[in-house]
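Data first, discussion second: the structure below is written as structure tokens.
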Amino acid sequence: MEFPSGLYYTKDHEWAKWDEKTGTVTVGITDHAQDSLGDIVYLELPQKGRSLKTHETFGVVESIKAVSDLYSPVSGEVVETNAKAAEDPSVLNRAAYTDGWLMRLKVADSAALSGLMSSKDYEIYVASLK
């Protein structure tokens, strides 16, 4: 299982990557999440311009096993969604940390990420779930 460093993680198995240049956070689901879900067949993403609060539901991912809500790791405004992932949700299974990103949020500052886990903390958290 992959736990890339430089990302921030939630207990709901979303990851967040801060881009200081643009003031945006890219959000996706973790390798653990896609592995637990199995083959992903449907993805619902938010509308551009929507304001989200931390831990607010922003979409749905559906697999052959389950339907799961997606939760925003930080507050911000949706500035972009991944249309390619919505068209081909199986990309989340193949590339959860790259081509399988879900949305980008404009956030006030990176301090919003302080409540999230590091890759090491997330790895320990996932191990505790077994």
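Inspect all residues belonging to the range 15-28 and state whether any of them is closer than 20 Å to Ser90 by Cβ, buried (at least 21 other Cβ atoms within 10 Å of the Cβ) and without any contact (Cβ under 8 Å) to a residue 40 or more places away in the chain.
Step one: of the range 15-28, the residues closer than 20 Å to Ser90 by Cβ are 15, 26-28.
Now narrow it down to the ones that are buried (at least 21 other Cβ atoms within 10 Å of the Cβ): 15, 27-28.
With the extra rule that they be without any contact (Cβ under 8 Å) to a residue 40 or more places away in the chain, the set shrinks to none.
No, the conditions are met nowhere in the range 15-28.
Do we have Glu20 as over 14 Å from the mean Cα position of the chain (by Cα), farther than 25 Å from Ala127 by Cα, at pLDDT below 95 and among the acidic types (Asp, Glu) here? Break it down stepwise before answering.
On the way: over 14 Å from the mean Cα position of the chain (by Cα): yes; farther than 25 Å from Ala127 by Cα: yes; at pLDDT below 95: yes; among the acidic types (Asp, Glu): yes.
Spelling it out, Glu20 is indeed over 14 Å from the mean Cα position of the chain (by Cα), farther than 25 Å from Ala127 by Cα, at pLDDT below 95 and among the acidic types (Asp, Glu).
Here is a yes/no grid of residues against (1) surrounded by 13 or more Cβ atoms within 10 Å (Cβ to Cβ); (2) closer than 25 Å to Gly115 by Cα:
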position: Thr10; (1), (2): yes, yes
position: His32; (1), (2): yes, yes
position: Glu56; (1), (2): yes, yes
position: Ser63; (1), (2): yes, no
position: Tyr71; (1), (2): yes, yes
position: Thr81; (1), (2): yes, yes
position: Thr98; (1), (2): no, yes
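Output the number of residues of the range 42-54 satisfying the condition of being out of contact with any helix residue (DSSP H, G or I) (no Cβ under 9 Å at 6 or more places or on another chain) and either basic (Lys, Arg) or surrounded by 14 or more Cβ atoms within 10 Å (Cβ to Cβ) (or both).
So the count comes out to 5.
Could you grab me the full set of residues in the range 117-130 that are within 16 Å of Lys17 (Cβ to Cβ) and either among the β-branched types (Val, Ile, Thr) or touching a helix residue (DSSP H, G or I) at 6+ places or on another chain (Cβ under 9 Å) (or both)?
Met117, Tyr122
Would you call Ala86 touching a helix residue (DSSP H, G or I) at 6+ places or on another chain (Cβ under 8 Å) and either of a type in the set (Gly, Ala, Ser) or modelled with pLDDT under 95 (or both)? Give the derivation first.
On the way: touching a helix residue (DSSP H, G or I) at 6+ places or on another chain (Cβ under 8 Å): no; either of a type in the set (Gly, Ala, Ser) or modelled with pLDDT under 95 (or both): yes.
Criteria not met by Ala86.
Identify, please: which residue in the range 39-90 is among the β-branched types (Val, Ile, Thr) and under 12 Å from the mean Cα position of the chain (by Cα) and is, among those, farthest from Lys11 (Cα to Cα)?
In the first step, residues of the range 39-90 are kept if they are among the β-branched types (Val, Ile, Thr); the result is 40-41, 54, 57, 60-61, 64, 67, 74, 78-79, 81.
Next, from what is left, pick out any that are under 12 Å from the mean Cα position of the chain (by Cα): 57, 60-61, 74, 81.
Numbers: Thr57: 14, Val60: 17, Val61: 16, Val74: 13, Thr81: 22 Å.
Step by step, filter the range 39-90, then rank; the result is Thr81.
Evaluate the following for Leu37: is it under 19 Å from Ala86 (Cα atoms), of a type in the set (A, V, I, L, M) and in contact with a Lys or Arg (Cβ under 9 Å, 6 or more places away or on another chain)?
On the way: under 19 Å from Ala86 (Cα atoms): yes; of a type in the set (A, V, I, L, M): yes; in contact with a Lys or Arg (Cβ under 9 Å, 6 or more places away or on another chain): yes.
Judged against the criteria, Leu37 is a match.
The values are calculated or read from the model by the stated rules, or taken from the named source; none is laboratory data. The shown structure was predicted, so the numbers you read here are calculated from the model rather than taken from an experiment. All Cβ positions, even for glycine, are placed from backbone atoms using ideal geometry, and neighbour counts span all protein chains on display.
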